[in-house]
Amino acid sequence: MDQIVEKPDTLIGKPIPKPDAPDKVVGKTTYINDMVLPRMLIAKIKRTDRVHAKILSVDISAAEKVPGIVAIATAENSPKGLIGVLKDNPPLKGDKVRCIRDEIAGVAGETEEAVDEALKLIKVEYEDLPGVFDPEEALKDDAPLIHDDKPGNLSLTFDFEHGDISKAEKDSDIVLEEKYELHYVTHTCMGPGCVIADFDTHGKLTIYTQTQYPYNYKMDLAPALDISAGDIRVIQPPVGGAFGSKLDVYPFEPIAVYLAKKARRPVKLFFSREEEFIASPTRQPARVYIKQGAKKDGTITFRDVNVYLNNGGYTSWGATIPAVMMRTMTGHFRIPNVEFHSKAVYTNNPFAGSFRGYGNVQATYVTATLMDKMAEELGMDPIEFRLKNAQKPGERTPQNSLLKTAALADCIKIGAEKTNFLEKHAANVAAREKPGRIRQGIGIATSIHNAGGAKIHKSDGCGTILTMDDYGRATVITGASEIGQGIDAVITQLVSEELGIPTSDVIIANNDSAIGPWDVGVHASRTTFIAGNAARNAAVKAKQQILAAAARQSNVSIDKLDLRGGHVVQKDNGVSVTKLDRLLRQMHFAGDDAELVMVSEYYEPPSELEDKNHVGDISAAYSHGAYITELEIDTLTGGVKLHKMTCVQDVGKVINKLGIEGQMEGGIAQGIGYGLSEELIIEEGIVKNPNFRDYKVVTAPEMPEIECHFIEDDEETGPFGAKGISELPCIIPGASIANAVYNAIGVRFDNPPITPEKIVRALHGDKIEAAE
Amino acid sequence: MSAKVDITFTVNGAVKQVSVPANMSALDMLRDQLDLKGAKEACGEGECGACTIIIDDTSVCSCLMYAADCDGRTIETIEGVQTEDGLDPIQQAFVEHGAVQCGYCTPGMVMQAKHMLNKNPNPTEGEIQRGLEGNVCRCTGYRKIIDAVAEVARS
Amino acid sequence: MSTIENYLAPSSIDDAAAALAAGSATIVAGGTDLMLQAGSGQKEYAPTLINIQKITEMRGVSLDGDTIRIGALTTITDLLTDEIIAEHLPVMATMADKFASDQIRNAGTVGGNICNASPAGDGIVPLLMYKAEAVLASKPNGSTETRKVPLDEFFTGPGKSVIQENELLIGVDIAVPPAGFVGGFGKFGPRPALEIAMAAVGLGGVVKDGVISDVRVAFGAVAPTPIRSAETEAALEGKKLDETTISAAGEIASSSISPITDIRASDWYRRHLIRVMTEEILNDVS
């Protein structure tokens, strides 16, 4: 009798648990921080205690004598190569220190105790130099020069012009001009910084790292090491979070390599939490001057944006965030005339790196609060004004981003409808006039982000190799990195869907650069889209190979066959033609005709690099979101309690319901922190709150109810229609909260985080004058 | 080197005898001497809960507890939660609800959830949130963790 | 980090006092402050580390006549469920609920919170309000003696107190508050949990026919030590708790202190919070 295999429900859109979750819940997962290699040494860094100083001498003689100390690396005895986007950062500093993070020496020893002791005994003599901590101050002629070869302390600049803003300003009925001061926040990955370096006897380096871009990492690391990038093998053990912080090489990594080379033993270098706060990247603080005009009818006429980024002592990827910031400043809403100018300026502060949202958190805080203000000035409601300026399907932004769908307007409309926005908004405004300690607020913010990769490198591709074993299991070797975000689950799901096998029959291999094919890394909300397409296309190729073999064997034509439930079946009636595993063995053990199912795919998205004027459709797709915050404020203490965040986002297609919700909620928590509580306080270059007590990440009791509405508009280039989604949830909440705060108390804040003290000062300012 | 202290205690049902420096934390002892690396050191200051263990039916941050203070006591770590029958219901719920992303906070979160449910088998959502207030998660936004604990409480 | 040469875990007050008499020692209870401070170099270990956790007679709350003893090893969590606390000293439970996090409440002790002598020590504020007395044991001449120090005379600066090197805090004694005594505790930090107070208030008194007497007011995080506010107490004593009194008390509370400005809060905001919380508690009890 024929075996009938019923067509199973699609896996797309289902809640699929992450394959790495079971090991994580039982405490079995070995994170890089947990790893111990045979004969491994422990290493730490001697950092400076100055923010700007000439190094006169470094004396390691006493430290070397500490029992158990095996190697000490200093600028003098280590390779001289540089790291960083502008190659301006020597991993070990020999001539001068430029910020409080600066590395004087690396010390490797048998025990942590010995290393701690040795660190104390390293003597450094300095000649202090005047410091500069503000980007506009640092641009002045008489400012201290931080790098001799960087005149004017200028790091990277970005400039874009479109239309005629002077004319547009003259033609405007209203013009608003604002200044924003956007603060330092940091990733606070739960797994503190850690790296393990190990050389083999051929002189080739194996580096165990937390990196989220393993292939570029080799390229960026090699110049600091005096070895070829080809001689570096990158292994990525499980990491405790990344969020963009691992998109760069940081000095501690080459320092561990120098020590491993000297010691001829594996060296593990790791951070304390305090060090993690002081010496790992931050989001780029930005001072933004913005002017925006509109006609009486609400049509935006122009935007003029000038940004000063506090680059800190060295140039990391953080200095390139204007590339993304600019897309929102110029292209979020229809802006017919626009200029954007940014300067990243060296200061003696710790340097910023990349962080989820990559400049768009800052851009969105500015644009979304300004949109709110302009609506009010025009006498329009916040929804009407936004809809008036939302682009239509097929429009291109001034930088040539093609907006295929009308998702922005849809997001706004759905959000307003689901929350009864206008009614609540008006009621809260009216309530401001009445007495009462507690005020309710509702606010909306929107943004746009690349959702089909972002072509900032010459390739935005991902390689995938898919093989099938004799038992019907698929192994997917992908360049994409799993850093906790859940790409393994997504790839498992996409491959299972195509091959008709259970998700438990898919194995993902992706943590070894010696095995995996190239990928740009986890950034720019690109992995589900790019790696997902690569994996799916590989699965389609494998499927074709399998079905072709089945067709030959069964004399049923290939277009009438399908894979389902571990069988090759006839598509129309589900009758099993053969079991998949049996067929695979028959293909494999077919003597001269033997074939192994082993396919590869290199997926490069249909997008273009920007030209020198920053024009180019850099992503295959874009995504919009509208987030609405409902909150209450205690006007006496300034305490803010979030009730609910309603998030409408254009996601193309939900692949993994659990994964997408998790990315939304997690991003929102970080976005709430940006808006309300998180700030790395840096005074005169010194980090004042390097701990979780005073750097206030959001905790469980603060999380509001979250309601997500996904607009599924089936992106034609995405895997099963999916877009990348995971940065918008972090980008929008801060601005949404700021607008809700305004709705509650009638005060706008151009300097997040909106802390209770800032709220109270704004509300009771007269009493402050009296008291002081 | 600080003085060594000989201690005897029970961890995950097994009696252990170890000699620990007087200044060593329980976390370092578990990780470095007993090779129980499930509990994590994410802050070392009792501010994140990643090192949470249960000692004598009470959850504590093992990073702030002296190893010597374990003498004569009974400890449960994340490694002892799974049984031969499989995952503990809390662990199962964490998997099924997507309460795990990077997972670094997860062992501490599971131990704290277990302690909370031992003390209060029927918590409200607000009580779950309060119960987890000492455990920082940077990935999930807590909602799915709260959902997972709520489901275990319901069943 | 300094080296610990001896580790002792006495099981009685007598043994602990004897150990302290022998020379310089560091005492550890729950460890939540000491481990942190020793790890960061903020505090150095004395040659002997004395773990007092095994002294079971020092844990728990007891009532003897009109005096309540809270043993130094009573954990903050114990305060949340103890019946004597609930009946006589409910503000201690209110405080405990706002203290750090569950894990820290489970390990941290009342005695540790006192001996750590933090200007922002949550537990100290309601104890000052309840006029607690520290009970200190020592064994200077071969026999264990105790002395009592009113808590408002106990602290001498941040991390500093009158406790002598050979003394052990074994608990605090509190006279059962008079009938009709009501009080409250307020603490403000932006998050519900894991916060060091920006400012804290403990306030109580006997309220009868709308008039408050036997007033006790204590503040945290506004001075080098937690303090009692005699000015605020005077402004309230014997007054009818109406809007005028409450507002005046709030004004005096905020102007009677000179807090510092640091990364957590400005002096102005601390004074503002003290005023707000003082008035809030007074409104609650009136």
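Throughout, read-outs are computed from the coordinates displayed, never taken from laboratory work. Note that the coordinates shown come from a computational prediction; the quantities given were computed from them, not determined experimentally. Backbone-built Cβ (ideal geometry, glycine too); neighbour counts: all protein chains shown.
Here are a few things to note about the model shown:
- Only aspartates and glutamates eight or more places from residue A:343 in sequence, or on another chain, were considered; those with a Cα closer than 13 Å are A:134, A:136, A:137, A:159.
- The alpha-carbon atoms of segment A:422-487 define a convex hull whose volume equals 227 cubic angstrom per residue.
- Entry note, segment C:182-285: relative contact order of 26 percent, from Cα contacts under 8 Å with a spacing of 6+ residues.
- Proxy reagent accessibility, fewest Cβ within 10 Å first, across A:317, A:518: A:518, A:317
- For residue C:137, the shell of other residues with beta-carbons less than 12 Å away shows a net charge of -2, using +1 for Lys and Arg and -1 for Asp and Glu.
- Under 12 Å, Cβ to Cβ, from residue A:570 - net charge with Lys/Arg +1 and Asp/Glu -1: 0
- Counting neighbouring beta carbons within 10 Å and listing from fewest to most, the residues A:598, A:190 come out as A:598, A:190.
- Placing +1 on each Lys and Arg Cβ and -1 on each Asp and Glu Cβ, with no other charges, gives segment C:59-175 a dipole about its Cα centre of roughly 300 debye.
- The lysines within cross-link reach of residue A:723, meaning a Cα-to-Cα straight distance under 17 Å and a gap of 8 or more places when in the same chain, are A:14, A:404, A:455, A:653, A:657.
- Computed over all pairs of different Cα atoms, the Kirkwood value for the hydrodynamic radius of segment B:15-155 is 15.2 Å.
- Diagonalising the gyration tensor over the Cα atoms of segment A:139-252 and scaling each eigenvalue by 5 before taking the square root yields semi-axes of 42, 20, 16 Å, largest first.
- Given in Å, the Rg to one decimal and the Dmax to the nearest whole number for the Cα atoms of segment B:4-79 are 10.9, 30.
- Lys pairs, segment C:76-193 - Cα-Cα below 21 angstrom, 8 or more residues apart or on other chains: 7
- Taking only the C-alpha atoms of segment C:59-175, Rg followed by Dmax gives 13.6, 42 Å.
- Segment A:297-403 - Kirkwood radius from inverse mean 1/r over Cα pairs (Å): 15.0 Å
- Three semi-axes of the equivalent ellipsoid, chain A, Cα gyration tensor, whole Å, largest first: 42, 39, 23
- Two-decimal Rg/Rh across chain C, once Rg and the Kirkwood Rh are taken from alpha-carbon atoms: 0.98
- Considering all C-alpha pairs of segment C:6-51, those separated by over 13 Å amount to 54%.
- Fewest neighbouring Cβ atoms within 10 Å first, the residues B:43, B:105 line up as B:43, B:105.
- Across A:268/A:458; A:696/B:40; A:80/A:688; B:16/C:54; A:644/B:144, pairs whose alpha-carbon gap is larger than 23 Å: A:268/A:458; A:80/A:688
- Alpha-carbon centroids, segment B:104-148 and segment A:403-479: separation in whole Å: 26 Å
- Relative to the compact-globule estimate of 2.2 N^0.38 Å, the Cα radius of gyration of segment A:576-725 comes out at 1.66.
- For segment C:182-285, a Kirkwood radius taken over Cα pairs fed into Stokes-Einstein (20 °C, viscosity 1.002 mPa s) yields D = 159 µm²/s.
- Taken as Cα centroids, segment A:689-758 and segment C:96-132 sit 34 Å apart, rounded to the nearest whole angstrom.
- Set of lysines with alpha-carbon distance to residue A:560 below 18 Å, sequence-local pairs under 8 removed: A:7, A:541, A:543, A:571, A:579
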